[in-house]
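Beneath this line is the structure, given in structure tokens, with notes to follow.
Each value in this text was obtained by applying a stated rule to the coordinates, not by laboratory testing. Only a predicted model underlies this, so the values are computations on that prediction, with no experimental measurement involved. Methodologically, a virtual Cβ is constructed for each residue, glycine included, from the backbone with ideal geometry; neighbour enumeration extends over all protein chains shown.
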Amino acid sequence: KAGVTQTPRYLIKTRGQQVTLSCSPISGHRSVSWYQQTPGQGLQFLFEYFSETQRNKGNFPGRFSGRQFSNSRSEMNVSTLELGDSALYLCASSIGDREDTEAFFGQGTRLTVV
Amino acid sequence: GENVEQHPSTLSVQEGDSAVIKCTYSDSASNYFPWYKQELGKGPQLIIDIRSNVGEKKDQRIAVTLNKTAKHFSLHITETQPEDSAVYFCAASKWNTDKLIFGTGTRLQVFP
């Protein structure tokens, strides 16, 4: 069974640009969550999608947005990039059943803003 | 607010010794507590988890204990091996969400 796939693995962008990251969940998983990982702030929750609907949102500015498609694949977008957005962005998928919340992570996308 | 504290931040042990990592959560509504292992250049890997209706769970060399009254949960690794060296994260979530609140991580080094 294939794991969670994130693309691309690495990205370098310039301040002010925008970026789109992609996540393909484990087959059969309907919930996708996104996290930002930095040395200073650790792992912070961005948002969670289930059946194409945002189910939960973390404390990030509106520049961070996401969506989920009918096949459960998800994308997140960051507009007007700032240097502080440099981080490892992780996607996690789970079945989405409230009784089974095991979340499995992808390898992440390393974003560097210069 | 929601918060998970994790200690220690670094832990060095000799191969074969035991390692214990402790976490405390603030939200009494939390009912699911997973532990993740993250190796360099990889995403976090789920290694064990526990739900609030269970006090202890074991899987070979790793075990997790939960004290709901004190809002503490701990990871125990016995007979440590060099390949156990990694950063370990505890996390907590509530029944009605997949949102995980993570601890700050523990860097475990196992020396041969």
Sort A:55-67, A:18-30 for me by packing, meaning the mean count of neighbouring Cβ atoms within 10 Å per residue, highest on top. A:18-30, A:55-67
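Please sort by residue number the trypsin sites (Lys or Arg not before Pro) in segment B:5-45 whose DSSP state is loop and whose Cβ has at most 14 other Cβ atoms within 10 Å.
Working: sites: B:Lys22, B:Lys37, B:Lys42; in loops: B:Lys42.
For trypsin sites (Lys or Arg not before Pro) across segment B:5-45 that sit outside H, G, I, E and B with at most 14 neighbouring Cβ atoms in 10 Å, the list reads B:Lys42.
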